[in-house]
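For reference, the structure discussed in these notes is given below.
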Amino acid sequence: MNDSITEVINKQINTDADELARQRKCIEIAAQLVEDKSRNTGRDITYHVTTFGCQMNARDSEKLSGILEECGFVYEPDELAADVVIFNTCTVRDNANQKFFGHLGSIGAVKKNKKDMIIGVCGCLSQEESARAKILASYPFVDLVFGTHNVYDFARLLLIVLEQREAGEKGTVTSIREGTDRIVEDIPVKRNYPFKSGVNIMFGCDNFCSYCIVPYVRGRERSRPAADIIDEIKRLAADGVSEVMLLGQNVNSYGKGLDENISFAKLLDMVGEVDGIRRIRFMTSHPKDLSDELIDVMASSQKICNHIHLPLQSGSSRILESMNRHYTKESYIELAQKIRERISDISITTDIIIGYPGETDADVDDTIDVIEKVAFDGAFTFIYSKRTGTPAASMPDQVSAQKVKYNFDRVLARVQEISARQAAKIEGRIMDVLVEDVNRQDPSLVTGRLSNNLNVHFPGDESLIGKIVNVKLTQCKGFYYIGDIATGGDYGKVL
Ligand code: SF4
C-alpha cells in the first residue's frame, strides 16, 4: 500500500465532518482501482448487497449500495455472479442465523472457482461475538467483517480489502466497534425507490426487553439532532421523494439525550412542514412511550399515514412483566382504544411472540383476548427464539415445540380472521394509493400502497410509479385489494 493511501486509512479523526471527508477520499481512491480493473478486464466490475431483517438494515443497505456505486461498481442482480457480495445480516432469530451460515457456505463454494470475488458480512450477526467468531473460524474465505456501528466506515474498509488484493495479500479485514458517538449521515445512498425513502432518526435501543438481542448489537439509544433530520428530508424532497419512513427501534423516545427540547411528536410536525413530502410513516413505536401528544399530532396531520405499528408481544400481563415491556394487558388495550377513538380508520398492526419461557395456554388466551379487543389490522406472529446473552435465554420453563405449535396456530388463525374482517371494511371506497411498482405476477397491473399500509393491485403501467392516484377498492382479498383507477376520493384523512 503506498504511503498516501496508508495515511488516509489511518488518519486521526476528530469530528464527523473529518470522517465524512476521509470516507470521500477513500471512495475516490477505490474508484480509481475499480476503473483500472474494469479497463484491464474489459468488463464492468459488479456488486450485490443481500439484506436480511428489518427496515433499519434495508436503509443501511441503501448506504452500502450508494458507496459501492460511487466507487464505480455496477449493480448485478444475481448474487452469485457479482464481484463484490455484501451480506447485511440480522440476528434476531436463531433459525435465520443457521440459514445464513448455510447460505454463506454455498457462496464459499462458488468463490473457489472465482478467486477475485470479495465477500463481506456486516450487520447484527457480525456484531454478535459468538457469531463473528464462527465466521472467522469456519468461513476463512470471507474478506470483510464489520458491525452495526461503522457502516459509515465501509468505504475505508473496502479500500483496505482492495489494496490487500492489489498486494496479493490474504486474510479477513475485521472492524467491530462496541459503540459509537459518530453519526455520519451524508454518505452516498442508492435508494431502492426514487419516490420514497427511510430516514434514520435515532440508533440503538435502551429498553432491554428480556428476549431481545438488539440493545447488545445496536448499542445505546442515540437521537439525531432535528435540524440534521429535516435537512436530509428537504434534500430527499428536492430529489423527488414524496414519502418518508422515520426509522428507529423506539421512535417514541426520540429526543432523549439531545440538548434541544424536542419530542417525536414535535419532530413529526416539523417533517410535515417540508414542502414536497406528502406521506410520513414511522417505525417502531413502543407502547410504553406513546404519548397523547403523538396521538394529537397524528389526528390533526394530513400527511402522517393512517397506520401505527404497535408491538404487543404478549397479551398476558405476567409475561409482559417478565419480558420487561413496562405495560400491562389492560393498559395496552386502553391505549389502542384511545388511538382508534381519536384517529378514524387508523390501522393498528402488531408483533406477537409465541412460546416465551413460562408461557401457558392461559397466557395465550390473554393474547387472543387482546387480538379480539383491539381488532388488529395485521400482526406478525413469531415463535420465540432463544438468543444467547439475553435474560430470557437462561429462564427455566422453555416451552416445548409441540405446545408452541399448538398456540402459534390458534393465534395465527384468529389474527388472520380478524385482520381480513378489518381490511374488508373499506371495500368499495375510493382511496389514494402511492404506486410503487409494476406487479411482478401480472405486468398489466401496478401495485401501490394505501395510507393504512394495505397493498392494492390495479390496471396501470410504469408511468404511474411514484404517483398518488385515486383507486376504487373493488375486491378485498384478505390482506390486499384489487382495484380500478377512479376519480374523486372519499377517504377522510391522508393522501
Ligand atoms: S424495544 Fe425491546 S424489542 Fe424493541 S429493539 Fe428495544 S429491546 Fe428489542
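The values are calculated or read from the model by the stated rules, or taken from the named source; none is laboratory data. Note that the coordinates shown come from a computational prediction; the quantities given were computed from them, not determined experimentally. Glycine also receives a Cβ, built like all others from the backbone with ideal geometry; neighbour counts cover every protein chain displayed.
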What is the number of the single condition among (1) in contact with a Ser or Thr (Cβ under 9 Å, 6 or more places away or on another chain); (2) surrounded by fewer than 18 Cβ atoms within 10 Å (Cβ to Cβ) that Arg222 does not meet? (2)
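Pull up the range 254-285, narrow it to residues that are touching a His at 6+ places or on another chain (Cβ under 9 Å) and modelled with pLDDT of 95 or more, then point me to the one that is farthest from Cys54 (Cα to Cα).
Per the stated criteria, the residue is Arg281.
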Criterion first (hydrophobic (A, V, I, L, M, F, W, C), surrounded by fewer than 22 Cβ atoms within 10 Å (Cβ to Cβ) and within 16 Å of the ligand (Cβ to nearest atom)) does Leu320 satisfy it? no
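Filter the range 243-267 for residues that are hydroxyl-bearing (Ser, Thr, Tyr) and buried (at least 20 other Cβ atoms within 10 Å of the Cβ); which is farthest from His286 (Cα to Cα)? I'd like the intermediate steps shown before the answer.
Kept after step one, since they are hydroxyl-bearing (Ser, Thr, Tyr), are these residues of the range 243-267: 253-254, 263.
When the remaining residues are screened for being buried (at least 20 other Cβ atoms within 10 Å of the Cβ), the result is 253-254.
Details: Ser253: 8, Tyr254: 11 Å.
Here the residue is Tyr254.
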Are there helices (runs of 4 or more DSSP H) fully within the range 112-178 with at least 3 residues that are over 22 Å from the mean Cα position of the chain (by Cα) and touching a residue at least 12 places away in the same chain (Cβ under 8 Å)? List them. 129-138, 154-166
If a residue must be at pLDDT 95 or above, of a type in the set (D, E, K, R) and more than 26 Å from the chain's Cα centre (by Cα), how many such residues does the range 438-471 contain? 0
For Ala401, the lone unmet condition from (1) farther than 24 Å from Glu417 by Cβ; (2) of a type in the set (A, V, I, L, M); (3) buried (at least 18 other Cβ atoms within 10 Å of the Cβ) is (3)
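Quick check, is Thr381 touching a Pro at 6+ places or on another chain (Cβ under 8 Å), over 30 Å from Ser463 (Cβ atoms) and among the hydroxyl-bearing types (Ser, Thr, Tyr)?
On the way: touching a Pro at 6+ places or on another chain (Cβ under 8 Å): no; over 30 Å from Ser463 (Cβ atoms): yes; among the hydroxyl-bearing types (Ser, Thr, Tyr): yes.
No: the conditions fail for Thr381.
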Count, please, the residues in the range 1-57 that happen to be surrounded by 15 or more Cβ atoms within 10 Å (Cβ to Cβ) and of a type in the set (S, T, N, Q). 7
Out of Leu136, Leu157, which single residue is aliphatic (A, V, I, L, M) and within 16 Å of Leu68 (Cβ to Cβ)? Leu157
Pairing a residue in the range 291-307 that is closer than 21 Å to Arg449 by Cα with any residue that is at pLDDT below 95 and among the basic types (Lys, Arg), where Cβ atoms lie under 6 Å and the two sit 6 or more apart in sequence or on different chains, gives Asn306/Lys493
Val404 fails exactly one of (1) touching a residue at least 40 places away in the same chain (Cβ under 8 Å); (2) in contact with a helix residue (DSSP H, G or I) (Cβ under 8 Å, 6 or more places away or on another chain), namely (2)
First in the range 199-227 and within 20 Å of Gly53 (Cα to Cα) and within 7 Å of the ligand (Cβ to nearest atom), second anywhere and assigned to a loop (DSSP other than H, G, I, E, B) and of a type in the set (Asp, Glu), Cβ under 6 Å, 6 or more apart: Cys205/Glu221
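Do we have Tyr193 as modelled with pLDDT under 95 and surrounded by fewer than 19 Cβ atoms within 10 Å (Cβ to Cβ) here?
Numbers: modelled with pLDDT under 95: yes; surrounded by fewer than 19 Cβ atoms within 10 Å (Cβ to Cβ): yes.
In short, yes.
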Consider Ser300 carefully, then state whether it is over 21 Å from Arg59 (Cβ atoms) and more than 16 Å from the ligand (Cβ to nearest atom). yes
Quick check on this structure: which one of Glu28, Glu7, Glu35, Glu19 is of a type outside the set (Ser, Thr, Tyr), over 33 Å from the mean Cα position of the chain (by Cα) and part of a helix (DSSP H, G or I)? Glu7
